[in-house]
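Sharing a structure, written as structure tokens. Questions coming.
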Amino acid sequence: MSWRGTAVLVVVLAGGAAAGFGASWALGENPPGGGTASPVAASPSLPVDPVPELLPDPDMPPLAPGIALVRQSVGTGSFRMTLPVPKGWSFFENSLNEWQWRPSGQPDFGYVLRVEQVLSNRRSIEWTLDRRLAELREDESNVEVIAQTRDSLHFSFVAANHLRHGHLRWLDLTGSDNAQVEIAVTGRKVDDPGMADLIARVGSGVRLG
């Protein structure tokens, strides 16, 4: 072998050893030959979901526990149900199977109740909760889970530089172990006690048909 071929071979072998060392270090393994890997300077990591500068919440009274509720029917046909909703709140029909209530004239980033019938998905509450949480982490900023049960989720997130708190609950009304209704209440941190009370009372009063 010529001296040029020998030199090329040495370079290739050295490069392969270096690549093997780098891969083993990245995987948390010791380098070839049984030696101990020495730490190397880490490259600067990119920031993940940095906390933005938060804007103040709208100046309005907190949502109080125990507000008056009235029964309302929503949906048609197999999507029809009745439920208790806050008395005097404005009603919006987002779609044939999703509805929303909020106080009339309140500013942006107040509190809102949303109810959706999800029985057509034919998915368990556990699957629905896990999927919803994954969607929140993908779509929203700075999502933090505050509390979680088998059928409910309390979390915070940041939207348009406002800290928001959300409560989600799923109902199985037929004993099928599938989620049929999703209830969501979103508001400010100061509204948390009222939101927790509202979602519990609405959830206990939902009836299909």
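Which fully enclosed strands (runs of 3 or more DSSP E) of the range 128-191 have 1 or more residues being within 16 Å of GLN117 (Cβ to Cβ)?
It comes to 162-171, 181-187.
Any residue at all in the range 117-128 that's among the basic types (Lys, Arg) and modelled with pLDDT of 95 or more? Write out each step before concluding.
Of the range 117-128, the ones among the basic types (Lys, Arg) are 122-123.
From what is left, the residues that are modelled with pLDDT of 95 or more are none.
Taking every residue of the range 117-128 in turn, none turns out to be among the basic types (Lys, Arg) and modelled with pLDDT of 95 or more.
Search the range 129-152 for residues being touching a Leu at 6+ places or on another chain (Cβ under 8 Å) and of a type in the set (Gly, Ala, Ser), and hand back the single one that is surrounded by the most Cβ atoms within 10 Å (Cβ to Cβ).
Among residues in the range 129-152 that are touching a Leu at 6+ places or on another chain (Cβ under 8 Å) and of a type in the set (Gly, Ala, Ser), the one surrounded by the most Cβ atoms within 10 Å (Cβ to Cβ) is SER152.
Can you list residue pairs whose Cβ atoms sit under 6 Å apart, with the first residue in the range 145-156 being in the same structural domain as ASN178 (by TED's automatic domain parsing) and among the small types (Gly, Ala, Ser) and the second being modelled with pLDDT of 95 or more and surrounded by fewer than 16 Cβ atoms within 10 Å (Cβ to Cβ)? Count only pairs 6 or more apart in sequence or on different chains.
SER156/GLU144
Further question: Residues in the range 49-71 that are of a type in the set (D, E, K, R), out of contact with any Phe, Trp or Tyr (no Cβ under 7 Å at 6 or more places or on another chain) and part of a loop (DSSP other than H, G, I, E, B): how many?
Start the filter on the range 49-71 by keeping residues that are of a type in the set (D, E, K, R), which leaves 49, 53, 57, 59, 71.
After this cut, where a residue has to be out of contact with any Phe, Trp or Tyr (no Cβ under 7 Å at 6 or more places or on another chain) as well, the list is 49, 53, 59, 71.
With part of a loop (DSSP other than H, G, I, E, B) added as a condition, the list becomes 49, 53, 59.
Within the range 49-71, residues that are of a type in the set (D, E, K, R), out of contact with any Phe, Trp or Tyr (no Cβ under 7 Å at 6 or more places or on another chain) and part of a loop (DSSP other than H, G, I, E, B) number 3.
Let's see how each residue does on (1) at pLDDT below 95; (2) surrounded by fewer than 13 Cβ atoms within 10 Å (Cβ to Cβ); (3) within 25 Å of the chain's Cα centre (by Cα):
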site	(1), (2), (3)
GLU53	yes, yes, yes
ILE67	no, no, no
ARG71	no, yes, no
PRO84	no, no, no
LYS87	no, yes, no
SER95	yes, yes, yes
GLY110	no, no, yes
VAL115	no, no, yes
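The values are calculated or read from the model by the stated rules, or taken from the named source; none is laboratory data. Given the structure is predicted, the values throughout are model-derived calculations rather than measurements. Positions of Cβ are generated from backbone atoms using ideal geometry, with glycine treated the same way; all protein chains shown enter the neighbour counts.
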